[in-house]
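Derivation of every value follows stated rules applied to the coordinates shown; laboratory data play no part. Not measured: the values here are computed from a predicted model. Here Cβ is always computed from backbone atoms with ideal geometry, including for glycine, and neighbour counts include all displayed protein chains.
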Amino acid sequence: MKDTLRHAGKRKQLVEVLIKKGIKDEGVLSAINKIPRHLFMDSSFEDHAYQDKAFPIAADQTISQPYTVAFQSELLQVEKGDQVLEIGTGSGYQTAVLCELGAKVYSIERQQELFKKTKLFLSKLGYRPKRLTFGDGYKGMEEFAPYDSIIVTAGAPFVPKPLLSQLKIGGRLVIPVGKKNQIMTLFIRKSENEFEKRELGEFRFVPLLEDKN
């Protein structure tokens with residue numbers, strides 16, 4: 001598959017949809033306008049790639065709805081050079097958005113099949129996260145902590161304590177919390193032991209898998 005002027009036109013229309021839904025962050029909108037989402041999906045979904053919908057990818061996972069990606073990204077308030085930990089690399093689309101925002105991205109994927117595929121694919125597209133790891137997202141990535149922000153792209157039944165502990169003071173954790181439906185939750189670290197919590201509406205994600213080993 002290629003990226004054509006037709007695709008670029010569809011991306012522009014998608015950005016207009018996101019603006020109407022309330023997304024304001026210029027960096028996030030610019031990233032979505034630039035990244036060829038259709039390349040992150042099975043070719044049979046190409047005609048639908050720029051609809052504001054989630055679609056299946058490998059390993060029973062999904063590529064998130066563009067609005068969800070934009071909403072979570074906007075909440076992070078990424079500044080160029082920020083260290084961002086992503087839990088759930090998935091298709092790599094959210095990773096690419098973070099890279100476009102100028103973040104130093106550290107990402108963990110629990111599904112081996114997806115991890116291998118996405119690592120190769122992001123490199124082909126020219127996106128180079130600082131570290132892509134196959135592992136348990138519940139544990140975070142302690143060796144590169146603390147992070148300016150952490151984004152979780154799967155539904156967590158509870159908030160993993162390691163993620164809170166790996167945030168900088170002033171850092172932001174964006175995580176969908178819940179079993180069947182999730183509440184998008186923002187935690188801002190105010191001090192060593194104090195977090196501000198905000199709940200920001202209901203979303204649906206695939207579950208965040210825990211390493212049972």
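For the residue pairs Lys2/Lys130; Lys2/Lys179; Lys2/Lys53, alpha carbon separations beyond 30 Å are given by Lys2/Lys179. Need one number: the % of Cα-Cα pairs in region 5-203 sitting beyond the 21 Å mark. Percentage above 21 Å: 48.
Neighbour counts of C-beta atoms inside 10 Å place Phe158, Phe187, Phe45, Phe40 in the sequence Phe158, Phe45, Phe187, Phe40, starting with the fewest. With both labels modelled 7 Å from their Cα along Cα-to-Cβ, the Leu209 to Leu5 distance reads 4.3 nm.
Annotation: amide H of Phe195 within the under-5 Å range of Lys190, sequence separation 5 or more or interchain, hydrogens built in the peptide plane. Computed from the Cβ-Cβ distance with R0 of 25 Å, the FRET efficiency linking Lys53 to Glu26 stands at 0.55. The ranking of Thr4, Thr95 by Cβ neighbour count inside 10 Å, starting from the fewest, reads Thr4, Thr95.
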